[in-house]
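The values are calculated or read from the model by the stated rules, or taken from the named source; none is laboratory data. Computed from a predicted structure; not experimentally measured. Cβ atoms come from the backbone with ideal geometry, glycine included; neighbour counts cover every protein chain shown.
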Amino acid sequence: MSELLCIDDLTVVPAADERRRLVDGVSMTLQAGRTTCIVGESGSGKSLTALSVMGLLPPTLRRISGSIRFQGLELTGLTNAQMCDVRGKRIGMIFQEPMTSLNPVLAVGFQVGESLTAHLGLKGDALKRRVAELLERVGIPPERAGSYPDELSGGQRQRVMIAMAIACEPAMLIADEPTTALDVTVQAQILALLAELKSRMNMGMLFITHDFGVVADIADDVVVMFRGQIVESGPVDAVLNRPQHPYTQALLDCVPDAEGRKPLKPIDYAWLNEAMA
């Protein structure tokens, strides 16, 4: 297996207050053909880590240290124009809520085709054929290419986002909680689709989630984040079945059992702070 992504000592802070570390010294790697799930509560730094990789941090935040290498290329030194050649073509990203990412006044087929034109120069009939192939690959009838986002269901919109993300057959896919707003049946379909695409294209996948059921289904490796730091990482079996860090143990204690007999147990932060001291 080849190393796709290497993050070393990444630190992200608010531009107005550099004392607050929203991402604090994060280091991780991702291999081709493997899925690494980043888990943790909201605000733990998961999405900011992914946005740092894509060079999409908002202007209110900034990276003050750290290296991000993708296929040996240092991303942190690239201009925005240079990053535009990486985004979409070599790294695809599926965002959490499709309706905030899809343009409501453009047909979905046009939106899928934009990166194909920008990165591969496809136009005319060749572009139409490729868009139809991508829509069919993610389970949407090609004739829906002329539909607008509001004419599709939530699951279909998410599939359009996946088609956009894989259009140029990137080496790596970042998925930021892509199934959060979906019902259980559609979620299962989306996860199966992502697993099939990853296997077929030998992509590395960085999957951000707070759902340990999803982690158990798709992960090869797991990274646990708490307060901007990685507190535990390793193969999925070790992290889920033999967690070492008190925070990982507390997270897993919050997961209800399949039969619904286990009472919900919120994290006891007083105990956690004492255990981590």
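The figures follow:
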read-out	value
Strands (runs of 3 or more DSSP E) within region 164-251 that include 1 or more residues under 14 Å from the mean Cα position of the chain (by Cα)	172-176, 204-208, 221-226
Strands (runs of 3 or more DSSP E) (entirely within region 1-105) containing at least 3 residues that are of a type in the set (S, T, N, Q)	23-31
Residue satisfying all of: in region 25-60; at pLDDT 95 or above and more than 19 Å from the chain's Cα centre (by Cα); nearest to LEU240 (Cα to Cα) among these	GLY25
Residue match in region 95-107 (condition: more than 23 Å from the chain's Cα centre (by Cα), crowded, with 16+ Cβ neighbours inside 10 Å and touching a residue at least 24 places away in the same chain (Cβ under 8 Å))	yes
Total residues in region 113-161, condition modelled with pLDDT of 90 or more and in a loop (DSSP other than H, G, I, E, B)	8
Some residue of region 254-262 being touching a residue at least 24 places away in the same chain (Cβ under 8 Å) and either assigned to a helix (DSSP H, G or I) or not small (Gly, Ala, Ser) (or both)	yes
Subset of region 111-139 (residues that are closer than 24 Å to GLN189 by Cβ, among the charged types (D, E, K, R) and either surrounded by 15 or more Cβ atoms within 10 Å (Cβ to Cβ) or in contact with a Cys (Cβ under 7 Å, 6 or more places away or on another chain) (or both))	ARG130, ARG137
Of all residues in region 224-246 being touching a residue at least 60 places away in the same chain (Cβ under 8 Å) and at negative phi, the one that is surrounded by the fewest Cβ atoms within 10 Å (Cβ to Cβ)	GLN229
Exclusive hit being within 19 Å of VAL26 (Cβ to Cβ), touching a helix residue (DSSP H, G or I) at 6+ places or on another chain (Cβ under 8 Å) and of a type in the set (Gly, Ala, Ser), set ALA250, ALA167, ALA219	ALA219
Members of region 22-81 that are among the acidic types (Asp, Glu) and either in contact with a strand residue (DSSP E or B) (Cβ under 6 Å, 6 or more places away or on another chain) or surrounded by 14 or more Cβ atoms within 10 Å (Cβ to Cβ) (or both)	ASP24, GLU41
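Yes/no per residue for (1) under 27 Å from CYS168 (Cβ atoms); (2) touching a helix residue (DSSP H, G or I) at 6+ places or on another chain (Cβ under 7 Å); (3) of a type in the set (A, V, I, L, M, F, W, C):
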{"residue": "PRO14", "(1), (2), (3)": "no, no, no"}
{"residue": "VAL23", "(1), (2), (3)": "no, yes, yes"}
{"residue": "SER27", "(1), (2), (3)": "no, no, no"}
{"residue": "MET54", "(1), (2), (3)": "yes, no, yes"}
{"residue": "ILE64", "(1), (2), (3)": "no, no, yes"}
{"residue": "ILE68", "(1), (2), (3)": "yes, yes, yes"}
{"residue": "VAL86", "(1), (2), (3)": "yes, no, yes"}
